[in-house]
There are 2 protein chains.
Amino acid sequence: MKQQTDVLIIGGGPAGVVSAGTAKRYYPGKKITLLKNVADGCIPCGIPYMISSLKDPAGNRMSTDALEKNGVTVSVDEAVSIDRSGKTVFTKNGDTIAYEKLILAVGSKPIIPPIPGIEKKGVYPVYKDMNYLLSAVDEFKKGKDVVVIGGGFIGVEFADELSRIPNLRVTLVEMCDRILINSFDSEFSSLAEEKLRARGVRVLTKTAVQEVMGGGRVEKIRLSSGETLDADRVILGVGASPLTDLACQAGLDLGKGKGIWVDEYMRTVDPDIYAVGDCAGKRDFYTRKDASVMLASTATAEARIAGANLYKLIVVRENKGTIAAYSTYVDGLVMGSAGLTECTARKENFEIVSGSAQAMDKHPGTLPGAQKTLVKLIFSKNSGIILGGQAAGGISCGELINVIGMAIQQRVSCSELGTLQMATHPFLTPAPTLYPVVTAAFDAAGKM
Amino acid sequence: MKQQTDVLIIGGGPAGVVSAGTAKRYYPGKKITLLKNVADGCIPCGIPYMISSLKDPAGNRMSTDALEKNGVTVSVDEAVSIDRSGKTVFTKNGDTIAYEKLILAVGSKPIIPPIPGIEKKGVYPVYKDMNYLLSAVDEFKKGKDVVVIGGGFIGVEFADELSRIPNLRVTLVEMCDRILINSFDSEFSSLAEEKLRARGVRVLTKTAVQEVMGGGRVEKIRLSSGETLDADRVILGVGASPLTDLACQAGLDLGKGKGIWVDEYMRTVDPDIYAVGDCAGKRDFYTRKDASVMLASTATAEARIAGANLYKLIVVRENKGTIAAYSTYVDGLVMGSAGLTECTARKENFEIVSGSAQAMDKHPGTLPGAQKTLVKLIFSKNSGIILGGQAAGGISCGELINVIGMAIQQRVSCSELGTLQMATHPFLTPAPTLYPVVTAAFDAAGKM
C-alpha cells in the first residue's frame, strides 16, 4: 500500500514517542506517523523490575495510546529501506510511506560478546520486546543458578531483582576491578557492591567469562580465573550498539561509527532526516568526544530538540552533549550520577578538585526513616566550573542528582554552589546548615 | 570580664551557626566566638514537628557542639549594646567582648497582632526557645479547642500537627481568601487546604480575629464574621519581624525598615559589621525590592557569603536576592515553591506565561506508592526566562523544587528547560517522556 505522511518517525521507544509528541505540539497541522516494529515494546528502564518488583510485568508496556489519541498515526511494521531521493520508506509488509521529514529512532541492539558457546539456549540478551521478556522472566523463575555478565547498571539492577527469586543463586561477573565503573567513583560503587553481597549475590570483579559450556543449553560458565560455575540461565548486560543498518543502507554518515552522525539539531547529512536516541551519535558535554551513552534522559532530550526543529530551527539548543545523568537503585540504596566522575575526569586529563559531604536526609537526623546522603562534586581546579557529581542515599537522591545535573548543564561555579539557595524541610531534605550539595562545594573550595 | 576575639557572631540560629562554621573554614587562624542568648535553641523548621511527629521533641535542639569541636568558642549570654568606635560588644552578664569583625545573626521576633486580649494566658507566639516550646507542647496536649491564627506555612504545619492530638478541635484562621498565599497559586494552596480539612481541621479564610475573650486566660475568640469560637489555646503564626534594636542603638542603617541594611556581601554601613539571616534586610531576586522573606535557606546562603568575605571579598556573590525557596508538608502532601508565583508576578506587572504538567512520580505509574506530581512554571513571556515554580506531590518534590530553584538562580530559559537532561528511574522519578519540569516548560512554550 502506498501511504503519505508529513513526518515519519521510525521507532516506538522513548525517543520515538517523544519525537512524535513534540512534532505534534510544534506542527499541529502536519500529519505525523510513527512506525514501530513490535506491537508491545517495553519502558526500557523498567525492564529489570519485570522480574520481581512489578506485580504485573506486562504493566511495563511502552504505550503509544496517548499519541494516537493526540492524532498521531501509529503502525506496527518494520522499515527495511529508505529511498532518500524519492523521500520514501519501504516496509517489511510491502508498504511504501512517502515523507517530508523522517526521524530515525530505531534504538540499539544488545552486544553479544564473542564468547564460545554464547549462542546456547538459556543465554538471554536484553531485547526490548514484551513477549520475549515475559517469557524470559518465566524462565529465570525456573532457574537454579543464574549468571549475569556485566556489572553496569543493567547488570546490577538485574542481579538485585533476581536475588528476590527464592532458591535462585545469582552471580554477577564484571571484567573491570569494580562494578558501575563508568558512572561512579569507587567510594560509591562499593556501596552498591556491598548491597548486592548482602542480598546474597556473588560479585566477581576482574573476571571475564571465557566459555559458555553445555550441550544445546548452557550448563556451566568457565571464568578467566579458571573457575567453572554452574549456570542454567545467563543474562547478557554488557551494553548495546546503535542500530545503524537502515541509515548505512541509505548512505547516511556514521561519523566514527558510534551511531548515526548528527549535528547539534539531530540532523543527519540529509537535511530531511533526523536521528535521535540510541541510534544517534552522542558527544560528551565537556570534551565533545564521541560518547557511547545510551540513556532515556539523553534520548528524550534529543527527541525534543528534533521534534521541535523539523521545519525550522525554532528551539535553539543550549545544552550541548550528553551529561549522562542517571540514577539506579540497589535494595533501598539510591545512586545517581551526572557529568564526569573523578576517575573519568582524571583520565581525560582535567586538573580537578573534588569535594564530598554527607548529611542525614531529614532533620533532625533522628526522624524516623532518615538515611545518610553522600554527595561528591568534581570541579575544574582553575576555572572552578562543576564537571560532575554523584549522590547516594535514600529516595530523594533521585531528584537530588537532577539538582546537580542542572548545575552541570548551566556550568555553575563552585563558589555559586557554595552560596546556593535551596528549599529544606525536616521531613524532606538535609538541614539547611548541612545541605550536602552546598557543603561538598565548600569542601572543594577549600582545596582550590 | 574583658574578652577579645577576632570574629564575633551574635546569634545561635542557623544563620549564626553557618556564619561561624564558614568563618572558621576560610579564616582558620582567627579566633571565632559565637554568643547565643539561650542555652538550647531550636532547629526553626522542626518546631511544628515537636508537637506530634518527633518522638523526642527535645531532639529538635539547635546544636553548637560541632562548632565547639571545630574550635569555635560558644558562650551563652546576651549582647546588649555595641560600641562601634571601640569595636566592643557589651553583654547582659556584664562582660565586654572586643572584636575585629562582628556578624549580627540575632534573628526575628514573632509579630503580636494588635488584637484586644492578645496578651491573655494560653496565647502562644512561636519563640525559638527549647524550654518555652516544650512546655507549650505540653499545654497543647491538654487543650480542647485550639485556634491557629495565620495560614502561612507555620500556621499550616502547626494545624496539621495539632490535628494528630486526640480529642483536640483545631481551627485555622486566615485573613486572606486562601492559605499559603505568598508562596503558592490557588491550584496548589487548595490541595493543602483539602488535606487539612480531611484531617478535621476547620479552615476559615477571609476571616480576621477581632478579640481574644476570657478572664486572665483565653476562653473564646471573636471573629470578623461575628462568630464566637471556644478556644483554650491560641497559636500566633502571623509572621515575624527582624530584631533590629541592637543595630539601631549602634546607629546602623535600617534602610526602609525591613531589617538591617546590608550590601550584596552582607556588610552593614559599618565595614566591620555584617548582618545575616532574619535580622538582615532582604531583596527580591527579580525586582530587587525589599522582601520580607524569613527562611533558613536564605539565611544560610547569606551566612556563607558573610563568613567567607569577612576580611577580603573572596567569594563573589552570584546569586543576588532571595528566591524564597521553601517546601512544606501537609499530611503526606509535599509542596515546594521557589521564585515568584503567578499571582505575585502579575501583581509586579510581569508579562508572563505559565505552564503546568503532571505525572506519576514512579514509572510505570502502577508501581506501589506512586503519587501524582504537579508542577507549574512561570516565565517572562518576552524574554523566556523562568521567574518561579511550584511543585506538589510525594517526598521527591522536596528535591524537585531545588531543581527548579537552581534553574531560577541560573535564569534558565523556557527552551533550555524543554530540552533538559535529567536522570530518571522507575522507583524514583516520573518517566523521562513525562518529566514534569520539562513538560511544563513545553506547555509554556506553546503559549509564547
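In the stretch A:391-406, what residues are free of Cβ contacts under 8 Å to residues at least 40 places away in the same chain and more than 7 Å from every other protein chain (Cβ to nearest Cβ)?
Correct list: empty.
I'd like to know if the stretch A:407-429 contains one or more residues that are more than 7 Å from chain B (Cβ to nearest Cβ), closer than 27 Å to residue B:46 by Cα and in contact with a Gly (Cβ under 6 Å, 6 or more places away or on another chain).
Scanning the stretch A:407-429, I find no residue that is more than 7 Å from chain B (Cβ to nearest Cβ), closer than 27 Å to residue B:46 by Cα and in contact with a Gly (Cβ under 6 Å, 6 or more places away or on another chain), so the answer is no.
With the checklist (1) farther than 21 Å from residue A:436 by Cα; (2) crowded, with 21+ Cβ neighbours inside 10 Å; (3) at pLDDT 95 or above in hand, flag the one item residue B:294 doesn't pass.
(3)
Find the residue count for the stretch A:305-341, including only residues that are of a type outside the set (S, T, N, Q) and within 7 Å of another protein chain (Cβ to nearest Cβ). Spell out how you get there, then give the answer.
Our first condition is that a residue be of a type outside the set (S, T, N, Q); within the stretch A:305-341, this holds for A:305-308, A:310-318, A:320-321, A:323-326, A:329-336, A:338-340.
Next, only the ones that are within 7 Å of another protein chain (Cβ to nearest Cβ) stay: A:305, A:315-318, A:323, A:325-326, A:329, A:334, A:336, A:338.
Qualifying residue count for the region: 12.
Search the stretch B:289-319 for residues being out of contact with any helix residue (DSSP H, G or I) (no Cβ under 9 Å at 6 or more places or on another chain) and basic (Lys, Arg), and hand back the single one that is nearest to residue B:411 (Cα to Cα).
B:289
Have a look at B:11, B:41 and point out the one that is at pLDDT below 95, of a type in the set (Gly, Ala, Ser) and touching a helix residue (DSSP H, G or I) at 6+ places or on another chain (Cβ under 9 Å).
Being at pLDDT below 95, of a type in the set (Gly, Ala, Ser) and touching a helix residue (DSSP H, G or I) at 6+ places or on another chain (Cβ under 9 Å) holds for just one of B:11, B:41, which is B:41.
Would you mention how many residues in the stretch A:17-66 are acidic (Asp, Glu), part of a loop (DSSP other than H, G, I, E, B) and away from chain B (no Cβ under 11 Å)?
Residues meeting the conditions: 1.
What tally of residues in the stretch A:97-115 results from selecting those that are surrounded by fewer than 15 Cβ atoms within 10 Å (Cβ to Cβ) and in contact with a Phe, Trp or Tyr (Cβ under 7 Å, 6 or more places away or on another chain)?
Here the count works out to 0.
Output the number of the condition that residue A:351 fails; it satisfies all remaining conditions of (1) facing chain B (nearest Cβ under 9 Å); (2) out of contact with any helix residue (DSSP H, G or I) (no Cβ under 7 Å at 6 or more places or on another chain); (3) acidic (Asp, Glu).
Against the list (1) facing chain B (nearest Cβ under 9 Å); (2) out of contact with any helix residue (DSSP H, G or I) (no Cβ under 7 Å at 6 or more places or on another chain); (3) acidic (Asp, Glu), residue A:351 comes up short only on (1).
What residue, of A:344, A:287, is closer than 30 Å to residue A:383 by Cα, of a type in the set (Ser, Thr, Tyr), more than 13 Å from chain B (Cβ to nearest Cβ) and out of contact with any strand residue (DSSP E or B) (no Cβ under 9 Å at 6 or more places or on another chain)?
Details: A:344 fails: out of contact with any strand residue (DSSP E or B) (no Cβ under 9 Å at 6 or more places or on another chain).
None of the other options fit; the residue is A:287.
Yes or no: residue B:69 of a type in the set (D, E, K, R) and buried (at least 20 other Cβ atoms within 10 Å of the Cβ)?
Working: of a type in the set (D, E, K, R): yes; buried (at least 20 other Cβ atoms within 10 Å of the Cβ): no.
So residue B:69 does not fit the description; no.
Filter the stretch A:165-196 down to the residues that are touching a helix residue (DSSP H, G or I) at 6+ places or on another chain (Cβ under 9 Å) and of a type in the set (Lys, Arg) and list them by number.
Selection gives A:178, A:195.
So which of B:56, B:40, B:83 ends up being over 21 Å from residue B:132 (Cα atoms) and in the same structural domain as residue B:278 (by TED's automatic domain parsing)?
Result: B:83 is the single residue among B:56, B:40, B:83 that is over 21 Å from residue B:132 (Cα atoms) and in the same structural domain as residue B:278 (by TED's automatic domain parsing).
How about the stretch B:79-141: which strands (runs of 3 or more DSSP E) wholly inside it have at least 1 residues that are within 23 Å of the chain's Cα centre (by Cα)?
B:101-104, B:108-110, B:123-125
Every residue in the stretch A:304-345 that is buried (at least 24 other Cβ atoms within 10 Å of the Cβ) and in a helix (DSSP H, G or I), please.
Residues satisfying the conditions are A:304, A:305, A:306, A:307, A:308.
Take the conditions crowded, with 20+ Cβ neighbours inside 10 Å, in contact (Cβ under 8 Å) with a residue 24 or more places away in the chain and hydrophobic (A, V, I, L, M, F, W, C) and apply them to residue A:23. Does it pass? Step through it out loud before you land on a result.
Working: crowded, with 20+ Cβ neighbours inside 10 Å: yes; in contact (Cβ under 8 Å) with a residue 24 or more places away in the chain: yes; hydrophobic (A, V, I, L, M, F, W, C): yes.
Spelling it out, residue A:23 is indeed crowded, with 20+ Cβ neighbours inside 10 Å, in contact (Cβ under 8 Å) with a residue 24 or more places away in the chain and hydrophobic (A, V, I, L, M, F, W, C).
Which one of the conditions (1) crowded, with 23+ Cβ neighbours inside 10 Å; (2) out of contact with any helix residue (DSSP H, G or I) (no Cβ under 9 Å at 6 or more places or on another chain) does residue B:382 fail to meet, given that it meets all the rest?
Of the numbered conditions (1) crowded, with 23+ Cβ neighbours inside 10 Å; (2) out of contact with any helix residue (DSSP H, G or I) (no Cβ under 9 Å at 6 or more places or on another chain), the odd one out for residue B:382 is (1).
What is the residue count in the stretch B:90-141 for residues that are within 30 Å of residue B:274 (Cβ to Cβ) and not hydrophobic (A, V, I, L, M, F, W, C)?
Residues that pass the stated criteria total 19.
Say we look at the stretch B:241-291 and pick out the residues that are in a strand (DSSP E or B) and of a type in the set (Ser, Thr, Tyr); which of these is surrounded by the most Cβ atoms within 10 Å (Cβ to Cβ)? Show your work before the answer.
Of the residues in the stretch B:241-291, the ones in a strand (DSSP E or B) are B:241-242, B:260, B:267, B:273-275, B:280, B:282-284, B:290-291.
Going one step further and asking which of them are of a type in the set (Ser, Thr, Tyr), we end up with B:241, B:274.
On the way: B:241: 17, B:274: 30.
Checked the stretch B:241-291; the qualifying residue surrounded by the most Cβ atoms within 10 Å (Cβ to Cβ) is B:274.
The values are calculated or read from the model by the stated rules, or taken from the named source; none is laboratory data. Given the structure is predicted, the values throughout are model-derived calculations rather than measurements. Using ideal geometry, Cβ is built from the backbone for each residue, glycine included, and neighbour counts are taken over all protein chains shown.
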